[in-house]
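As structure tokens, the structure follows; a few thoughts come after it.
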Amino acid sequence: MELPLMPPVDPMLAKAVDGVPEGSFAYEPKWDGFRAVVFRDGGEVAVTSRNGRAMNRYFPELMDAFRDGLPEKCVLDGEIILVSADGTRLDFDQLQQRIHPAASRVELLASQTPASFVAFDLVALGSRDLTGQAFQSRRAALESALGTAGGRLHLTRQTLDPATARDWFSRFEGAGLDGILAKPLDAPYEPGKRTMLKVKHRRTADCVVAGYRVHKSGEDRIGSLLLGLYDDGGVLANVGVIGAFPMPRRQELFEELQPLVTWDSAHPWTEAEQTAGTRTPRNAEGSRWSGTKDLSFTPLRPERVVEVAYDHMEGPRFRHPPSFVRWRPDRDPESCGYAQLEEAVRFDLADVLQVPGG
């Protein structure tokens, strides 16, 4: 679809910092969903993801909301989110399920688990390109443009007070949010540039290394390590992977881990059958965003423990890939359970969401 508006293809990005910065910033909650840019021109609406992927077909329930609640011609930047069934927090697992190839399944999920949209920037309005304006001007225009919207459309909260932002950072995680964004008040909208600052929760956990995948550059290099945590029943659950290693270290790791390779059917993540020296874990299915990516792995005896840094959990798994901190030869693998994880205090999502004008 070609619109008379020619908005930027890439949304503006953020770079990570430690702690809420002070200065000439506006602070907003960091939503945990699918980043989306919405283009409206009369009855036509186009929604694209951060990487330019068309999203219309996956969220038909939002199309009418955009036509009913947005100005006749505009371009908005925001986040597609999904609220949990009990209405108390964001549910990213259910949101991922909305990316489905079957139209009938999409239609069913749109009625069973409808999504919402949180707007946080206005890129164009009518025939005006707003990218060159300061953020505080764009925010004022966004508030005015969404003044009569409601239902599935929300305007993100904002504060100019760093103390309030620190309070949000602490409390809003309990509703499933990701952290805090700090936006320079005088900054223009710069597509693809990390102009904003993001503050995310950072924690550590000791995990069992129970398998590996080889690197795309060679079969003798580690691509990623599969991590596990023991649940209350003593079952080792797959919780995610770490994979950011220098190339020389990938080769060293491969050699170090070979003595632990096992094809014993007692391995917690393997099926009874073997397939060409690799197996696929029962509980490590990739999302539909993975496409045709090979998710097979080589199982290891669960004897090595690694400390990783992570932001937060989504259900039983790390929401984002954690990072390597150090090896823990002093830790007993069986002691690496969910009980060690810090759990955010629950906070009602209804107290975070607001409709325009609310």
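Here are the numbers for the structure shown:
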{"quantity": "Any hit, the range 13-33, residues being open to solvent by 10 Å² or more (accessible area, probe 1.4 Å), on the phi > 0 side of the Ramachandran plot and in contact with a Lys or Arg (Cβ under 9 Å, 6 or more places away or on another chain)", "calculated": "yes"}
{"quantity": "Lys15 more than 22 Å from Gly174 (Cβ to Cβ) and over 22 Å from the mean Cα position of the chain (by Cα)", "calculated": "no"}
{"quantity": "Exclusive hit being within 20 Å of Ser323 (Cα to Cα), assigned to a strand (DSSP E or B) and at pLDDT below 95, set Ala237, Ala244", "calculated": "Ala237"}
{"quantity": "Positions within the range 82-104 being within 22 Å of Ala350 (Cβ to Cβ), part of a loop (DSSP other than H, G, I, E, B) and open to solvent by less than 40 Å² (accessible area, probe 1.4 Å), in sequence order", "calculated": "Leu82, Ser84, Gly87, Asp91, Arg98"}
{"quantity": "Output for the range 76-117, where each listed residue is without any contact (Cβ under 8 Å) to a residue 60 or more places away in the chain, more than 24 Å from Gly52 (Cβ to Cβ) and of a type in the set (Gly, Ala, Ser)", "calculated": "Ala85, Ser104, Ser111"}
{"quantity": "Extreme residue, nearest to Ile81 (Cα to Cα), among residues of the range 42-68 that are without any contact (Cβ under 8 Å) to a residue 12 or more places away in the chain and of a type outside the set (Gly, Ala, Ser)", "calculated": "Asn56"}
{"quantity": "Filter result for Gly218 (under 18 Å from the mean Cα position of the chain (by Cα) and of a type in the set (Gly, Ala, Ser))", "calculated": "no"}
{"quantity": "Out of Ala266, Ala182, Ala244, sole residue that is of a type in the set (Gly, Ala, Ser) and open to solvent by less than 10 Å² (accessible area, probe 1.4 Å)", "calculated": "Ala182"}
{"quantity": "The range 167-186, subset of a type in the set (Gly, Ala, Ser) and either within 16 Å of Gly19 (Cβ to Cβ) or out of contact with any strand residue (DSSP E or B) (no Cβ under 8 Å at 6 or more places or on another chain) (or both), residue modelled with the lowest pLDDT", "calculated": "Gly174"}
{"quantity": "Which numbered condition Val208 fails, given (1) under 21 Å from the mean Cα position of the chain (by Cα); (2) among the aliphatic types (A, V, I, L, M); (3) under 17 Å from Pro322 (Cα atoms)", "calculated": "(1)"}
{"quantity": "Subset of the range 107-128 [within 17 Å of the chain's Cα centre (by Cα) and of a type outside the set (Ser, Thr, Tyr)]", "calculated": "Ala115, Phe117, Val118, Ala119, Phe120"}
{"quantity": "Condition met for Gly126 (open to solvent by 10 Å² or more (accessible area, probe 1.4 Å), among the small types (Gly, Ala, Ser), in contact with a strand residue (DSSP E or B) (Cβ under 8 Å, 6 or more places away or on another chain) and at pLDDT below 95)", "calculated": "yes"}
{"quantity": "Hey, Gln251 in contact with a strand residue (DSSP E or B) (Cβ under 9 Å, 6 or more places away or on another chain), at pLDDT 90 or above and open to solvent by 30 Å² or more (accessible area, probe 1.4 Å) or not", "calculated": "yes"}
{"quantity": "Flag for Lys198 being open to solvent by 10 Å² or more (accessible area, probe 1.4 Å), more than 30 Å from Ser335 (Cβ to Cβ) and in a strand (DSSP E or B)", "calculated": "yes"}
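One line per residue, one yes/no per condition, for (1) at pLDDT below 85; (2) surrounded by fewer than 18 Cβ atoms within 10 Å (Cβ to Cβ); (3) under 20 Å from the mean Cα position of the chain (by Cα):
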| site | (1), (2), (3) |
| --- | --- |
| Thr275 | yes, yes, no |
| Ala284 | yes, no, yes |
| Ser296 | yes, yes, no |
| Pro299 | no, no, no |
| His312 | yes, no, yes |
| Pro322 | no, no, yes |
| Val355 | yes, yes, no |
| Gly358 | yes, yes, no |
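The values are calculated or read from the model by the stated rules, or taken from the named source; none is laboratory data. Note that this is a predicted model, so its numbers are computed, not measured. As a convention, Cβ positions derive from the backbone with ideal geometry for all residues, glycine included, and neighbour counts pool all protein chains shown. The accessibility values were calculated without ligands, DNA or RNA, using every heavy atom of the protein model including side chains. Shrake-Rupley method; radii C 1.70, N 1.55, O 1.52, S 1.80 Å.
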